[in-house]
Amino acid sequence: MLVATAIGIAVNRDLLSVVMLSSIYGLLSANFFVTMDAVDVAFTEAAVGAGISPLLMFTTMAIVGRYEKLPHRWSLSALVLVSITGALLLVATMDMPAFGAPDAPAQQHVAPRYIEQSGQEVGIPNIVTSVLATYRGFDTFGEVTVIFTAGVGVLSLLMIGDRATKPLSSHLLKASQHKILRIVSKVLIAPILLFALYVQFHGDYGPGGGFQAGVIFAAAIIVYTMLFGLDSARQVIDQGWVRVMAAVGVLLYGAVGVVSMVNGGNFLDYDVLAKDPIHGQHYGIIVIELGVGITVAAVMVLIYFSFAGRLVDRGHQDD
Amino acid sequence: MTDMLLTHYNYWVVMVLMMIGFYIVIAQGNLVKKLVGLNIFQTSVFILYISAGKVSGGSAPILDDAISVYSNPLPHVLILTAIVVGIATTALGLALIIRLREAYGSAEEKDIQEQNQC
């Protein structure tokens with residue numbers, strides 16, 4: 001089914017259906033991840049692949065135009081190149097370990113240690129969270145910084161020539177004229193926010209954590225923006241404040257590292273945060289997950305705001 | 001050969017998806033479409049990693065006394081963050097497309113190249 005959807009994307013010329021298909025594709029791959037036991041990943045993919053990413057593409061499409069210009073044709077040279085690469089990869093797969101084999105090299109190195117020791121060393125049941133926040137805390141710090149940087153990049157690209165708040169164009173008002181959509185979403189927004197908080201703080205025990213919670217939280221705000229227009233959303237959430245929050249998340253993460261250094265440990269060594277190392281680990285993980293969640297949510301909201309802001313500006317120019 | 005098919009099908013799914021994404025990226029002119037292709041390519045890599053972490057009979061890596069076999073948590077961590085970083089970079093790409101469209105009046109690769117040659 002994944003393959004069929006992907007082929008559909010390749011063949012279709014109407015960008016609207018391409019984006020719809022890519023949303024379905026995201027949802028399908030989330031299902032695929034659940035069957036592969038990767039519940040945390042499925043969570044993220046469902047929120048990102050089926051939610052945020054198509055939304056951003058729709059907004060871009062509204063600016064760039066819906067149809068591809070050139071008539072679609074099969075490019076022979078590209079097809080040949082792709083077939084050759086595919087054949088080479090096919091040969092390469094012959095050497096790979098069988099699917100699900102417990103003795104595959106990937107299962108040998110550090111994974112057994114994470115599975116066997118993390119229960120005593122970190123003291124939380126969700127191994128994914130403990131690896132993410134503790135053993136690979138540096139990596140996660142880097143990734144949060146990458147997300148922050150991407151947010152800054154989008155802002156600097158789209159905020160050039162940013163003018164003061166303008167009256168809303170009819171573009172974004174359209175959705176608010178659908179009564180059913182408006183009322184149903186109004187009811188839904190509060191539970192989505194609540195669910196995001198649950199995911200955030202329950203990440204130690206079940207699937208979830210800062211990344212997922214941030215994306216879900218941002219999704220709720222984006223739904224609100226789509227329904228009531230950018231201006232009313234900006235009234236509820238000040239954009240300057242969101243910018244500050246994006247930085248606060250990264251700083252919060254870094255601050256945990258600094259505090260653990262001040263307490264005599266290594267950077268991001270949570271053992272020294274409390275008298276009992278296990279408690280220290282818990283504090284550390286909760287705070288850095290909070291940092292991750294804040295940054296992710298703020299950056300996603302910022303990105304959507306700046307995209308939608310472009311749309312409003314353009315709609316204004318066209319009038 | 002049939003044996004091979006049954007034990008390695010995950011790699012082949014990944015490969016087919018990867019090649020579809022690759023084809024979209026190199027053969028199609030519309031920049032938004034190219035980004036969708038890049039996303040497909042990216043997801044195929046995610047699936048490769050996650051399927052490498054699967055252990056037959058294993059369960060999701062959340063500790064419980066009743067379970068003794070877990071799937072490998074490490075690829076999950078890597079891909080979890082990669083997905084969120086992926087959407088951030090996709091957003092950056094889309095922002096670039098919007099700027100290009102404003103500068104050239106088109107989101108087609110060909111139009112942009114023609115204008116550059118003039």
Check: Net charge near A:Ala30, counting Lys/Arg +1 and Asp/Glu -1 over other residues with Cβ under 14 Å of its Cβ?
Finding: -3
Notebook entry, point to check: Near A:Ser260, within a Cβ-to-Cβ distance under 15 Å, what is the net charge of the other residues, with Lys and Arg +1 and Asp and Glu -1?
Noted result: -2
Item checked: Contact order relative to length of the stretch A:126-319, as percent, for alpha carbon pairs under 8 angstrom and 6 or more apart -> 32
Next item on the list: Report relative contact order for chain B in percent, whole number only (criteria: Cα-Cα under 8 Å, sequence separation at least 6).
Entry: 22
Item checked: Local electrostatic count at A:Pro277 - Lys and Arg +1, Asp and Glu -1, tallied over other residues with Cβ under 14 Å -> -3
Next item on the list: Count the lysine pairs in the protein assembly as shown whose Cα atoms lie under 27 Å apart, taking only pairs 8 or more positions apart in sequence or on different chains.
Entry: 11
Margin query: Based only on Cα atoms, what mean projected area does the convex hull of the protein assembly as shown have, in nm²?
Written below: 23.7
Notebook entry, point to check: Rule-of-thumb check for chain B: C-alpha Rg over 2.2 N^0.38 Å?
Noted result: 1.46
Next item on the list: Specify, per residue and in Å³, the volume enclosed by the convex hull of the alpha carbon atoms belonging to the stretch A:126-319.
Entry: 114
Note to self: Is there a quick way to get the dipole size of the protein assembly as shown? I mean about its Cα centre, with the Cβ of Lys and Arg at +1 and of Asp and Glu at -1; what is the value in debye to the nearest 20?
What the structure shows: 1520
Checklist line | Positive-end residue of A:Pro125, A:Val80, A:Val34, charge dipole of the stretch A:15-153 with Cβ unit charges | finding: A:Val80
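Read-outs throughout are calculated quantities, based only on the coordinates presented, and are distinct from any laboratory measurement. Note that this is a predicted model, so its numbers are computed, not measured. Backbone-built Cβ (ideal geometry, glycine too); neighbour counts: all protein chains shown.
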